[in-house]
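For reference, the structure I am asking about is given below.
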Amino acid sequence: MTSPVPTVAPGSFLTLHYRLAGPDGGDVVNTFDDKPATLSLGSGELSPAIEARLIGLPEGTRTTLQLDAGEAFGPRNPEMLQRVALKLLRELGDPDETWNVGDVVQFPTPDGQGSFAGVVRELDPAGEWALFDFNHPLAGQPVTFEVQLIGVL
(Lines give C-alpha, C1' and ligand atoms only; values in the text may rest on other atoms or scores of the structure.)
Protein backbone atom coordinates (compact mmCIF):
# COMPACT_ATOMS: atom_id res chain seq x y z
CA MET A 1 0.00 0.00 0.00
CA THR A 2 1.53 3.29 -1.05
CA SER A 3 0.92 6.35 1.05
CA PRO A 4 -0.38 9.45 -0.70
CA VAL A 5 2.13 12.07 -1.79
CA PRO A 6 2.14 14.93 0.73
CA THR A 7 0.85 18.25 -0.57
CA VAL A 8 1.53 21.77 0.59
CA ALA A 9 -1.00 23.04 3.14
CA PRO A 10 -1.11 26.13 5.39
CA GLY A 11 1.58 25.69 8.05
CA SER A 12 3.51 23.07 6.04
CA PHE A 13 7.24 22.78 6.64
CA LEU A 14 8.98 22.77 3.26
CA THR A 15 12.37 21.76 1.93
CA LEU A 16 12.73 23.35 -1.48
CA HIS A 17 14.86 24.97 -4.08
CA TYR A 18 13.60 28.27 -5.38
CA ARG A 19 14.51 31.12 -7.64
CA LEU A 20 12.94 34.57 -7.44
CA ALA A 21 13.49 36.84 -10.44
CA GLY A 22 12.44 40.40 -11.10
CA PRO A 23 10.99 41.82 -14.31
CA ASP A 24 14.41 41.86 -16.01
CA GLY A 25 14.75 38.09 -15.43
CA GLY A 26 17.74 38.57 -13.12
CA ASP A 27 17.91 36.39 -10.01
CA VAL A 28 17.07 38.06 -6.71
CA VAL A 29 17.40 34.75 -4.85
CA ASN A 30 18.44 31.40 -6.28
CA THR A 31 19.07 28.29 -4.16
CA PHE A 32 19.32 25.81 -7.06
CA ASP A 33 23.14 25.94 -7.08
CA ASP A 34 23.41 25.62 -3.30
CA LYS A 35 21.75 23.66 -0.52
CA PRO A 36 17.94 23.76 -0.47
CA ALA A 37 16.03 26.14 1.74
CA THR A 38 13.76 25.06 4.58
CA LEU A 39 10.87 27.20 5.69
CA SER A 40 7.48 27.07 7.33
CA LEU A 41 4.46 28.43 5.47
CA GLY A 42 2.87 31.34 7.29
CA SER A 43 6.12 32.43 8.97
CA GLY A 44 6.60 35.41 6.65
CA GLU A 45 9.64 34.03 4.83
CA LEU A 46 7.75 34.09 1.52
CA SER A 47 5.18 36.67 0.49
CA PRO A 48 1.55 35.61 1.16
CA ALA A 49 0.82 35.66 -2.59
CA ILE A 50 3.66 33.20 -3.29
CA GLU A 51 2.60 30.99 -0.36
CA ALA A 52 -0.98 30.93 -1.68
CA ARG A 53 0.29 29.67 -5.05
CA LEU A 54 2.18 26.81 -3.34
CA ILE A 55 -0.89 25.49 -1.45
CA GLY A 56 -2.01 22.18 -2.93
CA LEU A 57 1.19 21.44 -4.86
CA PRO A 58 2.41 17.85 -4.32
CA GLU A 59 5.89 17.02 -3.06
CA GLY A 60 8.28 16.62 -5.97
CA THR A 61 6.66 19.38 -8.06
CA ARG A 62 8.93 21.65 -10.06
CA THR A 63 7.10 24.61 -11.56
CA THR A 64 7.47 28.26 -12.46
CA LEU A 65 4.90 30.78 -11.27
CA GLN A 66 4.39 34.18 -12.89
CA LEU A 67 3.05 36.82 -10.51
CA ASP A 68 1.59 40.05 -11.88
CA ALA A 69 2.95 43.50 -11.05
CA GLY A 70 2.39 44.17 -7.36
CA GLU A 71 0.99 40.69 -6.61
CA ALA A 72 4.04 39.26 -4.85
CA PHE A 73 5.20 42.27 -2.82
CA GLY A 74 2.32 44.74 -3.10
CA PRO A 75 2.12 47.99 -5.00
CA ARG A 76 4.75 50.69 -4.64
CA ASN A 77 3.69 53.00 -1.83
CA PRO A 78 4.71 56.66 -2.24
CA GLU A 79 4.50 57.06 1.57
CA MET A 80 7.44 54.65 1.83
CA LEU A 81 9.67 57.35 0.32
CA GLN A 82 11.03 59.32 3.27
CA ARG A 83 13.65 61.97 3.85
CA VAL A 84 16.06 61.14 6.66
CA ALA A 85 18.39 63.76 8.14
CA LEU A 86 22.01 62.83 7.52
CA LYS A 87 22.73 64.10 11.04
CA LEU A 88 20.43 61.37 12.39
CA LEU A 89 22.09 58.71 10.22
CA ARG A 90 25.49 59.70 11.58
CA GLU A 91 24.16 59.53 15.18
CA LEU A 92 22.76 56.02 14.54
CA GLY A 93 25.78 54.70 12.69
CA ASP A 94 29.29 55.65 11.63
CA PRO A 95 29.74 59.45 11.96
CA ASP A 96 32.13 59.45 8.97
CA GLU A 97 29.89 57.38 6.68
CA THR A 98 29.08 58.71 3.22
CA TRP A 99 26.16 57.55 1.08
CA ASN A 100 25.52 57.40 -2.64
CA VAL A 101 22.34 57.01 -4.67
CA GLY A 102 21.58 53.29 -4.90
CA ASP A 103 23.16 52.37 -1.55
CA VAL A 104 21.13 50.06 0.68
CA VAL A 105 21.15 51.15 4.33
CA GLN A 106 19.94 49.02 7.26
CA PHE A 107 17.84 50.80 9.88
CA PRO A 108 17.00 49.38 13.33
CA THR A 109 13.35 48.67 14.04
CA PRO A 110 11.80 50.85 16.79
CA ASP A 111 12.07 47.95 19.28
CA GLY A 112 15.73 47.40 18.35
CA GLN A 113 15.08 43.69 17.71
CA GLY A 114 15.45 43.74 13.95
CA SER A 115 16.25 45.89 10.98
CA PHE A 116 14.77 47.02 7.70
CA ALA A 117 16.40 48.31 4.56
CA GLY A 118 16.07 51.54 2.66
CA VAL A 119 17.61 52.46 -0.68
CA VAL A 120 19.08 55.94 -1.17
CA ARG A 121 17.13 57.54 -4.04
CA GLU A 122 18.29 61.14 -3.75
CA LEU A 123 20.82 63.18 -1.76
CA ASP A 124 20.26 66.79 -0.74
CA PRO A 125 22.87 68.94 -2.54
CA ALA A 126 23.34 70.88 0.72
CA GLY A 127 24.11 67.65 2.59
CA GLU A 128 21.19 67.89 5.02
CA TRP A 129 19.12 64.81 4.08
CA ALA A 130 18.82 61.69 1.97
CA LEU A 131 15.61 60.44 0.35
CA PHE A 132 15.15 56.74 1.18
CA ASP A 133 12.82 54.25 -0.49
CA PHE A 134 11.57 51.71 2.05
CA ASN A 135 9.41 49.82 -0.47
CA HIS A 136 10.39 46.20 -1.11
CA PRO A 137 12.72 46.31 -4.17
CA LEU A 138 10.17 44.24 -6.12
CA ALA A 139 7.07 46.16 -4.96
CA GLY A 140 4.91 46.98 -7.95
CA GLN A 141 6.96 44.65 -10.16
CA PRO A 142 6.02 41.40 -11.88
CA VAL A 143 8.08 38.50 -10.55
CA THR A 144 8.89 34.94 -11.55
CA PHE A 145 9.05 32.30 -8.81
CA GLU A 146 10.53 28.95 -9.80
CA VAL A 147 10.19 26.21 -7.19
CA GLN A 148 11.17 22.57 -6.72
CA LEU A 149 9.40 21.02 -3.73
CA ILE A 150 11.81 18.45 -2.29
CA GLY A 151 9.97 17.69 0.94
CA VAL A 152 6.61 18.58 2.48
CA LEU A 153 5.91 17.92 6.17
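Comparing Phe132, Phe13, Phe116, which has the greatest mean-square fluctuation in the GNM of the chain with Cα pairs linked when under 10 Å apart?
Greatest mean-square fluctuation among the candidates belongs to Phe116.
Amide H to amide H, which residues 5 or more places from Leu65 or on other chains are under 5 Å from it, using H placed in the peptide plane?
Phe145, Glu146, Val147
Each label point is 7 Å from the Cα along the Cα-to-Cβ direction; what then is the distance between the points at Asp68 and Glu45, in nm?
2.9
Here is a follow-up. Quick one: Cα centre-to-centre distance for segment 52-82 and segment 119-153, in angstrom?
Cα centroid of segment 52-82 versus Cα centroid of segment 119-153: 14 Å apart.
Not counting ligands, DNA or RNA, and with a 1.4 Å probe, what is Thr2's accessible surface area in Å² rounded to the nearest 10?
My reading of the accessible area for Thr2 is about 130 Å².
I've got another one for you. Please list 3J(HN,Hα) in residue order for segment 26-36, calculated via the Karplus relation 6.51 cos²θ - 1.76 cosθ + 1.60 where θ = phi - 60°; whole Hz, with x for glycine and proline.
x, 5, 8, 9, 8, 9, 4, 8, 10, 6, x
How many percent of the accessible area of segment 1-124 is carbon or sulfur, using a 1.4 Å probe?
Heavy-atom surface of segment 1-124 belonging to carbon and sulfur, 1.4 Å probe: 52 percent.
Further question on the same structure: Hey, how much of the P(r) for segment 57-127 falls beyond 17 Å, as a percent of Cα pairs?
61
Next up: Rounded to whole Hz and in sequence order, give me ³J(HN,Hα) for segment 111-120 from the Karplus expression 6.51 cos²θ - 1.76 cosθ + 1.60, θ = phi - 60°, writing x for Gly and Pro.
7, x, 8, x, 8, 9, 10, x, 9, 5
Along each principal axis of its Cα atoms, how long is segment 12-99 end to end? Whole angstroms, biggest number first, please.
Result, largest extent first: 53, 29, 27 Å.
Here is a further query. Under 13 Å from a point placed 7 Å out from the Cα of Asp27 along the Cα-to-Cβ direction: which residues of segment 37-53 have their backbone N that close?
Under 13 Å, as judged by backbone N against the label point of Asp27, lie 37 of segment 37-53.
May I have the extent of the alpha carbons of the chain along their three principal axes, as whole Å values ordered from largest to smallest?
Principal extents (Cα only, largest first): 74, 31, 28 Å.
Under 15 Å from the Cβ of Leu16, count the other residues' Cβ atoms, weight Lys and Arg +1, Asp and Glu -1, and hand me the total.
Residues close to Leu16 contribute a combined charge of -2.
Which GluC sites (Glu not before Pro) in segment 53-145 sit in a loop by DSSP (not H, G, I, E or B) and have at most 16 other Cβ atoms within 10 Å of their own Cβ?
In loop regions of segment 53-145 (DSSP not H, G, I, E or B), the sparsely surrounded GluC sites (Glu not before Pro) are Glu97, Glu128.
The values are calculated or read from the model by the stated rules, or taken from the named source; none is laboratory data. None of the values given here were measured: they were computed from a predicted structure. Here Cβ is always computed from backbone atoms with ideal geometry, including for glycine, and neighbour counts include all displayed protein chains. All accessible areas refer to the heavy atoms of the entire protein, side chains included, with ligands and DNA or RNA removed. Shrake-Rupley method; radii C 1.70, N 1.55, O 1.52, S 1.80 Å.
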